[in-house]
Amino acid sequence: MVGNSKSNYANRPAPGLPGLKSEWSRLLESPDADGVLRTWHFLDNDPNESKLTILCVHGNPSWSYLWRDLLTHCPKDVRVIAVDQLDMGFSDRTKSKRTLEMRIQDLHNFTQQLDISEPIITIAHDWGGPISLGWAQINQHCVKGIILLNTAVHQPERVLAPILIKFVRLPGVLQFCTQITKIFIWGALHLTEKKPSSSIKQAFFAPYKSSRRRKGIKRFVQDIPLHKKHKSFKTLESICDKLETFKDTPALMIWGARDKVFSDQYLGDLEKRLPHANVHRFADAGHFVSEEIDLSKIVFTWLKQLEIPEQTKLSYDEVSSLTTKINDAQLTTELAITEATKTQASVTFGQLNELIEQTCYGLLSLKVIPGSKVALMVYPGINLSALLYACWKIGAIPVLIDAGLGKSGMSKAIRSARPDFLVGDRRAIFAARLLKWPGTRVSVKKLSKIEQTLLVCKSDLPSFLSLTPIQLPGLPKRDAQAAIVFTSGATGPSKGVRYTHRQLESQRDALMELYEITPEDRLVAAFAPFALYGPAMGIPSIVPDMDVSAPGTLTAAHLVKAIQAINASLVFASPAAIANVMSTSGGLSDNDLEILSKVRLVLCAGAPVRPQLMKDFLSLTPNAKGYSPYGMTEVLPATNVAVPEMQTSTKGVNVGKPAPGVEIAISPLDRKGVSVEKPTSQINIVGEVKIRSSHTFDGYNQLWHTDALSRTSDNWHASGDIGSLDQNGDLWIGGRLIHVISTPTGLVMPVSVEFEIEEIPEVQLAAAVGVGPAGRQQIVAIIEMLNTSTIIQAAPMSLVSKIRSITSSRIAAVLTVKRLPVDRRHNSKIDRVLVKLWADKALSGEKVNTK
């Protein structure tokens, strides 16, 4: 029978459903849990020979159609079987109430009847998850891997059951929403962020056209065990308890974070039960995550990696050395940190060590344990350093999120990290309460009883100081996780970057070796992340009076004050900070210039820096050597270049030679700018920059697929930058891979074009983007000029002529705007994706207001 979706008997879907091939549709008789013969509908690609079988189990209210992407794109030697559970999809309607235990037995009997070849990978969604896991526990001998999408096996403590499920279960509502009407199906499909097309929605409705066919949906909802007395509670509890038997079975979790039913708390619960699982969390996807992502690409990439022998990770008996310098008896009375406040509060290394220990006692009193994630939303200074090093000392994992990400970016970051604890100033604690950020809250400053109650704040740092000393746990091992640091979000969504203690130690050591940092040095960190390394290096540090989330707020006067406060010898700043120092340097006195002359080293990092800007800055610090280390949150330093060697050309900007212990290679590109080949060290080959070092990050947090694509099996990290190596071994960077302009005459790197244009005095900043189809793009320059409108306009012909006369690439059009969009952290990295969108619209005749 084909297409009779009103019958109680199993049948096949009518042909023509989008993405579904009729030849996949099969029927099979199998005894159910009670021994009654039932007919199942299922999808099966049934290759001639298969080395692996994927068993797909849907939830409620969907059917096997959910897995069509896997059948469409599976390798020739992989069999994909997607079942319609009894009472669901196009399988038999049993007229009985099927419990979780019965459904597991139903599925087991079906697979026995089908005689599926081993090994088997299970994949399941929604309440198909517990059924699939229950089946896997019966058939553990043949299960090679487990994949779960938005599901649950347990109701986490202090987490309310899903409101939508509780609502639908209300008397009168249940029958109406799940059986009489299609509201439950419609609502489930609209739990996605990207709404499915009308034809896709109709395909999901296809097996459920009559009220009689929808009865299974109602009974499925009724079988969700929301309390201990429910008939399926013990079965679910047993599945949950036995998950530890899969500790050696590869597992992958693919999660839509905007699910209104299975929230992140359920993901967290599953992670605790399957701590070895790979996780990819999609921040902007909903309940039907498989409808919003390229599911097959992720699944088959993961399966391919299972075939690669796992590399043995180095195991270190040595403990972390990140806090060693702070304990150095020789530094007890030496200055450690000074704050650029009115009082200029400061601590010695001895005082900092005592403060760290008291902070350890406080964290331990709150039940922070090794492996706990602690979000530190504190301004750089004494408190942040004490918290950071206390976390490292007891084995907790600091989560560092830049305030420059803004409210939305910070919310996404903190929800993806899901910290157990959150320590913050009053603004952060208020935001955490208002925006419902996860984590037990701890305030930096003392709160009143009313504030503590309203903000649901557990404790505060001043309270830690009066705690009685207790025995601290041993220092963490070097290969233990040490931090999750979020990227700036300048080149895509902000990602959590995981580091181990060993990798952070290697980064510290690489910086000290590269710049010959000694105990006599003192650091001004206008590049806030590196203020935190001062204590680890055993040198004093200060963050200037500035908004660290907006580096362009640093003035020349405040830089001088910071240098004077600690008699600094090192200055570390971003290009935006240095640019504003130069623009505010006109009022510096002779005494200010004398203070600046004592600096021996200036470092500029965070974004491409114009050589002339660095040369101008060094005129203020005549006794300093200037360098620009190239790198990223994932690995810094990667290369280093001295100011005299900084130059630009059609290849981009010279970022120098590899730093100590770093290897650089290039993966060549095809004509459309796609990285296609293995890394090579050949000179003058343009491609994606690959980096390998001992201080390269450990992986991306909850972004398994991104991580898998960003590194090779032999540990090359794909930087996402485009560049080439020259005959001297220097690396030239031309921009981001996604920003490469593929013209009819070849690939053009945007940075080289932009630097050429920025030589024109009236140009504040320039962006070069490609407009048109890949391989035939035309170069459009968008120029920032302060005396222009927020509405994008065509540049005056005099300026266009001047630009075309000095650029080595053909410029098709020049547009002007008052302000180009740059990242919040560095105020330097241009959002070329947005600029390209502006250019596309403006050139097609639309009015584009960038206000």
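The values are calculated or read from the model by the stated rules, or taken from the named source; none is laboratory data. Note that the coordinates shown come from a computational prediction; the quantities given were computed from them, not determined experimentally. Counting neighbours? That spans all protein chains shown, and the Cβs are built from the backbone with ideal geometry, glycine included.
Below is a table of values for the structure above.
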{"quantity": "Selection status of Lys21, exposed (fewer than 15 other Cβ atoms within 10 Å of the Cβ) and under 40 Å from the mean Cα position of the chain (by Cα)", "calculated": "yes"}
{"quantity": "Test: residue in region 233-251 that is assigned by TED's automatic domain parsing to the domain that holds Gly89, surrounded by 17 or more Cβ atoms within 10 Å (Cβ to Cβ) and assigned to a strand (DSSP E or B)", "calculated": "yes"}
{"quantity": "Single residue of Lys166, Lys195, Lys231 found to be in contact (Cβ under 8 Å) with a residue 40 or more places away in the chain, farther than 16 Å from Phe262 by Cα and not hydrophobic (A, V, I, L, M, F, W, C)", "calculated": "Lys231"}
{"quantity": "Ser694 vs. criteria in contact with a Gly (Cβ under 7 Å, 6 or more places away or on another chain) and surrounded by fewer than 21 Cβ atoms within 10 Å (Cβ to Cβ)", "calculated": "yes"}
{"quantity": "Strands (runs of 3 or more DSSP E) enclosed by region 655-760 - at least 2 residues per element that are at pLDDT 90 or above", "calculated": "662-668, 687-693, 717-725, 731-736, 741-743"}
{"quantity": "Selection count where residues are aliphatic (A, V, I, L, M) and at pLDDT 90 or above, scope region 139-164", "calculated": "7"}
{"quantity": "Answer from Ile131, Ile185 - the residue that is β-branched (Val, Ile, Thr) and surrounded by fewer than 22 Cβ atoms within 10 Å (Cβ to Cβ)", "calculated": "Ile185"}
{"quantity": "Hits in region 265-276 - residues which are surrounded by fewer than 20 Cβ atoms within 10 Å (Cβ to Cβ) and not polar (S, T, N, Q)", "calculated": "Gly268, Asp269, Glu271, Lys272, Arg273, Pro275, His276"}
{"quantity": "Test: residue in region 399-411 that is assigned to a helix (DSSP H, G or I) and of a type in the set (Ser, Thr, Tyr)", "calculated": "yes"}
{"quantity": "Condition check for Glu244: under 30 Å from Cys391 (Cβ atoms) and among the charged types (D, E, K, R)", "calculated": "yes"}
{"quantity": "Some residue of region 533-555 being in the same structural domain as Arg478 (by TED's automatic domain parsing), closer than 30 Å to His739 by Cβ and aromatic (Phe, Trp, Tyr)", "calculated": "no"}
{"quantity": "Selection count, region 837-851, where residues are out of contact with any helix residue (DSSP H, G or I) (no Cβ under 8 Å at 6 or more places or on another chain) and buried (at least 17 other Cβ atoms within 10 Å of the Cβ)", "calculated": "4"}
{"quantity": "Of residues in region 165-183 being under 37 Å from the mean Cα position of the chain (by Cα) and not in a helix (DSSP H, G or I), the one modelled with the highest pLDDT", "calculated": "Lys182"}
{"quantity": "Conditions (1) modelled with pLDDT under 90; (2) under 16 Å from Lys836 (Cβ atoms); (3) of a type outside the set (Val, Ile, Thr); number of the one not met by Pro773", "calculated": "(1)"}
{"quantity": "Of all residues in region 354-404 being crowded, with 22+ Cβ neighbours inside 10 Å and among the charged types (D, E, K, R), the one that is modelled with the lowest pLDDT", "calculated": "Asp402"}
{"quantity": "Whichever residue in region 315-353 is surrounded by fewer than 17 Cβ atoms within 10 Å (Cβ to Cβ) and acidic (Asp, Glu) and, among such residues, is farthest from the chain's Cα centre (by Cα)", "calculated": "Glu334"}
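Residues are listed down the side, and each one gets a yes or a no for (1) at pLDDT 90 or above; (2) of a type outside the set (Val, Ile, Thr); (3) assigned to a loop (DSSP other than H, G, I, E, B):
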| position | (1), (2), (3) |
| --- | --- |
| Ile782 | yes, no, no |
| Ser789 | no, yes, yes |
| Ile803 | yes, no, no |
| Arg824 | no, yes, yes |
| Ser828 | no, yes, yes |
| Leu834 | yes, yes, no |
| Ala839 | yes, yes, no |
| Gly845 | no, yes, yes |
| Lys851 | no, yes, yes |
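This table checks each residue for (1) over 32 Å from the mean Cα position of the chain (by Cα); (2) among the small types (Gly, Ala, Ser).
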{"residue": "Asp730", "(1), (2)": "no, no"}
{"residue": "Ile733", "(1), (2)": "no, no"}
{"residue": "Thr743", "(1), (2)": "no, no"}
{"residue": "Pro750", "(1), (2)": "no, no"}
{"residue": "Val753", "(1), (2)": "no, no"}
{"residue": "Ile757", "(1), (2)": "yes, no"}
{"residue": "Val763", "(1), (2)": "yes, no"}
{"residue": "Ala766", "(1), (2)": "no, yes"}
{"residue": "Val769", "(1), (2)": "no, no"}
